[in-house]
Structure formats: C-alpha cells, structure tokens
1. Semi-axes of the chain's equivalent ellipsoid from the Cα gyration tensor, sqrt of 5 times each eigenvalue, largest first, rounded to whole Å?
2. If I take every Cα pair under 8 Å that is 6 or more residues apart in the chain, average their sequence separation and divide by the length, what percent do I get for the relative contact order?
3. Taking only protein heavy atoms into account and a 1.4 Å probe, give the accessible area per residue of the chain in Å².
4. Where q = 0.09, 0.10, 0.15, 0.17 Å⁻¹, what log10 of I(q)/I(0) comes from the Debye formula for segment 1-146, counting one point per Cα?
5. Give me the distance in nm between label points sitting 7 Å out from Cα along the Cα-to-Cβ direction at GLU189 and LEU207, one decimal.
6. Quick one: work out the % antiparallel among DSSP beta bridges in the chain, nearest 5.
7. Using only Cα atoms, locate the centre of segment 49-90 and the centre of segment 136-173, then give the distance between them in Å, rounded to an integer.
8. Of the residues LYS19, LYS178, LYS92, which exhibits the maximal mean-square fluctuation in a Gaussian network model of the chain defined by a 10 Å Cα contact cut-off?
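The values are calculated or read from the model by the stated rules, or taken from the named source; none is laboratory data. Fair warning: this is a prediction, and the values are worked out from it, not measured in the lab. Positions of Cβ are generated from backbone atoms using ideal geometry, with glycine treated the same way; all protein chains shown enter the neighbour counts. Side chains included, ligands, DNA and RNA excluded: accessible areas come from the protein's heavy atoms. Shrake-Rupley method; radii C 1.70, N 1.55, O 1.52, S 1.80 Å.
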Amino acid sequence: MGATITSNASAVDPGITGKGYVHPEVLVGTDWLAEHLDDPTIRIIESDEDVLLYDTGHIPGAQKVDWHQDLNDPVLRDYVLSEQFEKLLREKGIDENTTVVFYGDKNNWWATYAFWVFQLFGFTNAKLLDGGRIKWEQEHRPFNTDVPRYKSTNYKAPKRSDEKIRAFFQQVREHSEKGKPLIDVRSPEEYTGQRTHMPDYPQEGTLRGGHIKGARSVPWARAANPDGSFKDAASLRAIYEQEKGLKQSDDIVAYCRIGERSSHTWFVLTYLLGYDRVRNYDGSWTEWGNAVRAPIEKGPEK
C-alpha cells in the first residue's frame, strides 16, 4: 500500500536528489520553483496557519487555500465532499494534468496538511516546496500581492477515500491495544502531560494532558532543518529507525493536536522514507484527550 506519485513537471529537482529520499520527485527546492514560476502546467498553492498571511504578500502566481474554509466541512467535523473539492480545483485552474506545488508558513505544517487532504481525493500530481515560505523569504526571493486568476477547468473529483492514509478514533484504539506503532509528534511537554497545548498557543479545550498508550514521542520539528527544509534521508532514518525502531513495513499512525503537525510527519515517513502504511489521525489529541474512557498515559516515554 505504498505511495503512488504522479508528476507532469518533468525531471526530479536535482537539488533534491542528493538528499537520498525514496520519492525525491515529491519535493522541489526554491531554485526549481523560481525557474518554474511561469510554467503554465503548474499551480502554486499557499496554505498557512495564519490565513491572513497570504494577503500581505505571496510567491508570484500563488493562490490561497484556506485550510479552514476550503478544506473543512462547515458543520460536520470532517473534510469537504467531492463536490466542494471539485469546485475548489476548477476555480483554481487545476485539473489532472496540473502539477500543484504547495507551500506555507510554520515549516509547511498546513502545506503538508493541504497536500494530505488532496491525497484523500486521489490527487497525486502534487509537490511540496522544501522549506516553504520561511526559506523563500530568507533567501530574499520575490513576493507580491497580486491575486492570479486562471481559466476554470472541467476537473472531475472522485469520491473521497480515507482508508489508506486516515485513521479514526476506534481504529487508533485498536491500533494501541495491539501494540502497533503510534507516533506522537507534539512537543515533549504535551506528550508528558505537563501542558495540554503547544507553547505560546491558547488552551483549546482538551480536558486531559498526556499521550495515547504506547505512543512514541518524536516531535515533528526533529525532521526539519533550521531553514524549514527537511533533513536528509540518513538523518531521518537515524531518528525514526535507529532511535525509535520503526521499519518501512510497519503499520504506523501519527497524531498531534488536530492533525496538522502529524501530516508533516506522515509526509516524511510516506514519501521521504518510503514507508508502506502510514495514517494520519486528524482527530488527534483534541478528540482523544476529551473522549470518555479513552485510556491515556502520562510522563516520559517508557
């Protein structure tokens, strides 16, 4: 059940190939994107935690996808249906022949989240900008405030399929009971139960602190370099395999608070290391920490 990658944007970025990833074609560097800003087969999508950030300036030609308004159902705690996803892509000038390059703030948390939601609809012609908005800005590359308009497409969305890459509460409970690998990507303080939210963030209603029984602590940020780009494959394997004992064939569930940080780790394990079976539990701690009779553990990893 490994990852399926489709890309029409010609060759793999040579700046990425040397990092040793199993699927280097799913990442592009800032040099590559700068050279492809006018490529008519590419659409650039910015998806940020700060939904107002795009309006202050963005990569030329980029369009905004608001993770809350565009990807989440306004009533049901779930993602949009095929009809809404189809409408979104048509309006953005995207179809099956378009390569979508995602980037965003917070070291691509929400860019990988948007990337992951696109995969739920089988949209695999997608890439991520290595380093995201931070790296582009640090290199003093251009931003503008122009909002591009592209010709609408006739894209037809398939029915959303959650089975391969998304996990739900009861599935996670069974996963934990069987002792299968769970990766908690939150901060160490959240994992131990010292706090119920990220540092410098408000408390968002979780009643209990701690982690799911048996979960291993691998904060998402360990996979990133200071400039927001991903560490090379050897460094990632040292963390996930040599330190935590994961194997490429493992059945793994990753979780965080609401699924955005764990989508970053899902991306690392699935595409950069080529793991066969990784699912993102987007209900994460906001669901588990409030669920009646959901067993938790506190304290450091055992």
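1. Numbers: eigenvalues 186, 89, 70 Å².
Working through the eigenvalues yields semi-axes of 31, 21, 19 Å.
2. 21
3. With the other protein chains kept in place, the chain gives 43 Å² per residue.
4. Here log10 of I(q) over I(0) equals -0.26, -0.32, -0.74, -0.96.
5. Distance between the two pseudo-spin positions: 2.4 nm.
6. Details: 5 of 29 bridges.
Restricted to the chain, the bridges split so that about 15 percent are antiparallel.
7. Cα centroid of segment 49-90 versus Cα centroid of segment 136-173: 8 Å apart.
8. Residue with maximal mean-square fluctuation among LYS19, LYS178, LYS92: LYS178.
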